[in-house]
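Notes follow once the structure below has been shown.
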Amino acid sequence: MPDEKQYIIDDMTIKESWRLFKIMAEFVDGFEKLGDYFPAIAIFGSARMKRTDPTYSTAEKIARLLAKKGYNIITGGGPGIMEAANKGAVEGGAHSIGLNIELPFEQQPNEYADIRLSFQYFFVRKVMLVKYSVAYIIMPGGFGTMDELFEAVTLIQTKKIRPFPVILVGSDYWNGLIDWIKSEMVTRGTIAKSDLDICQVIDDPEEVVRTIQRIVLI
């Protein structure tokens, strides 16, 4: 009788090997399709934000203003803030790109993305977002938004990617986090004070656009 434990290990090895091809396929698909839409600006925020929330309108306005300045807009492709940003891109006449992630709940592609890609793996989608974006705009959001924020900040801090603007929109939402970073992380020496310069908090949509135009030349 075959050793059951060895059978399970062999089966897992085979499945993991095939998974590599799925990962490669997602990378290839993203690289082939997204290179045509430079420059793009990524906008992140909560998928749970209602259309009646003022933050939704702010995200839509920022995306529309950036689109009119010649920037394409790229989001995670879902509802809430992502939908607002894709909608603003359409209104501003730019390409509206949605990189949707396959989840068992919450994440359904929004109707405003005219270029859509679907990903099974979060880390592949994150590579696409950081590779093809010239700036990150971070609206109020949950764990996923925080993940994207700190991923970008870490890559810039460690000089693994070129520096680009990381803008947090909504001081009432973000100031508590920034204060904690200053009082705990900077004070305890877990980050340098200069690391705070990687991101900035801005409330006014027009100022967001001016800041990006001042730093990002197209």
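The values are calculated or read from the model by the stated rules, or taken from the named source; none is laboratory data. Quantities reported herein were computed from a predicted structural model and do not represent experimental measurements. Cβ placement follows ideal geometry from the backbone for every residue including glycine, while neighbour counts extend to all protein chains displayed.
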Legend entry - All positions within region 165-218 that are in contact (Cβ under 8 Å) with a residue 40 or more places away in the chain, within 17 Å of M146 (Cα to Cα) and not in a helix (DSSP H, G or I): P165, I167, V169, G170, C199
Inset, instruction - Look at region 104-143 and say how many of its residues are touching a strand residue (DSSP E or B) at 6+ places or on another chain (Cβ under 7 Å) and part of a loop (DSSP other than H, G, I, E, B). - result: 9
Inset, instruction - Could you tell me whether any residue of region 153-163 is at pLDDT 95 or above, closer than 22 Å to R48 by Cα and assigned to a helix (DSSP H, G or I)? - result: no
Legend entry - Residues located in region 60-95, provided they are touching a residue at least 40 places away in the same chain (Cβ under 8 Å), surrounded by fewer than 22 Cβ atoms within 10 Å (Cβ to Cβ) and farther than 18 Å from G170 by Cβ: K69, G70, H95
Inset, instruction - Would you point out which residue out of G141, G98 is within 23 Å of D204 (Cβ to Cβ) and not aliphatic (A, V, I, L, M)? - result: G141
Inset, instruction - Would you mind stating whether I43 is touching a strand residue (DSSP E or B) at 6+ places or on another chain (Cβ under 9 Å), modelled with pLDDT of 95 or more and closer than 20 Å to F119 by Cα? - result: yes
